[in-house]
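This report refers to the structure that appears directly beneath it.
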Amino acid sequence: MNNQVTKLYILIAFLCVLILVLGGYIAFDKLHKTKDVTNNSSNSNNNLVSKLDNTKDWVYDAEYTKNVTTNSYSTYYDETYYAKDIVVPYININSSYANTANKEIKTIFDDAIKSYNEGVNDKITYVDECGYQKYVNNNSLSVLLTYGVGATDIVHPEYYTYNIDLKTGNQLSYEELYNIAGLNSSNIDTIVENAITKIMKDRLKNFENQEDGSYPNGTNFNTYNTQSINNYKNSVSNNTLKYFLSNDGKLNIIVKLSIPAGTGQLDTIITVE
């Protein structure tokens, strides 16, 4: 009987030790995995360019002082404009390119405030739009700033684009960006030309196939479509093309379309797909 009790005690002790060993192993394994996740997360963050302010997003509303004489005013056209609607981005990235971009954006902001104050005085000038959109696709950041000033009912806004590699802080070239969008050097020109032609047909549908002199003498649809395509090609060759990736990862370019009316040239955002 005593031997049986002794054996029972030994078995119980053995099971307790086994439970303790297994518990320790599980705890150690969880701790090890937690450390691995933490280290991986840290390494992932270290792969990205540093921010100027870690408490804020990659892009946020620039906190520039608006030196305006009044917060709102009405023009002779009975339209009211507000200083609060003048908003420009601040790119929160510690890089040379981001610094250069922020300086240009500050110049645009200063010009918008100047135009706003002119409108307060002459009741004619107005800032039709001064705002931005930001898009993040994996490790790329695109910022689109739209700025338009008018003194009539017709406003042709200007577009400014900034594209940054979030790993390096450097500017993403046109080729780098359209590669991210799934395009390549062998098909990009054809796809863009098709996109331009498609939007030109829509813009000039009231002129197409008419014989009543709607087009200026000696011109037709092909005249303006070819000019628009050439405008794109020239902007690529002289490195002035503006482009960005939208949230859906699609390439967008800004092309000066040629039209047989008004100013004859109109900056237009074209989605390439």
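The values are calculated or read from the model by the stated rules, or taken from the named source; none is laboratory data. Just so it is clear, the model here is predicted, and its values are computed rather than measured. With ideal geometry, Cβ positions are generated from the backbone for all residues, glycine too; neighbour counts draw on all protein chains shown.
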Can you pull out every residue in the stretch 73-107 that is within 17 Å of the chain's Cα centre (by Cα) and of a type in the set (A, V, I, L, M)? VAL87, VAL88, ILE91, ILE93, ALA98, ALA101, ILE105
Residue satisfying all of: in the stretch 58-96; among the polar types (S, T, N, Q) and part of a strand (DSSP E or B); nearest to ILE113 (Cα to Cα) among these: SER72
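Taking the options LEU241, LEU251, LEU245, LEU266, name whichever one is touching a strand residue (DSSP E or B) at 6+ places or on another chain (Cβ under 8 Å) and modelled with pLDDT under 95. Break it down into steps so the answer makes sense when it comes.
Numbers: LEU241 fails: modelled with pLDDT under 95; LEU251 fails: modelled with pLDDT under 95; LEU245 fails: modelled with pLDDT under 95.
That would be LEU266, the only listed residue that is touching a strand residue (DSSP E or B) at 6+ places or on another chain (Cβ under 8 Å) and modelled with pLDDT under 95.
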Find all pairs meeting these conditions: Cβ atoms under 7 angstrom apart; at least six residues apart or on different chains; first residue within the stretch 151-170 and closer than 19 Å to ILE86 by Cβ; second residue part of a loop (DSSP other than H, G, I, E, B) and among the hydrophobic types (A, V, I, L, M, F, W, C). ALA151/ILE124
Matching residues, the stretch 28-73, being in the same structural domain as ASN163 (by TED's automatic domain parsing) and modelled with pLDDT under 95: THR69
With respect to VAL192, determine if the residue is touching a helix residue (DSSP H, G or I) at 6+ places or on another chain (Cβ under 9 Å) and closer than 21 Å to ASN238 by Cβ. yes
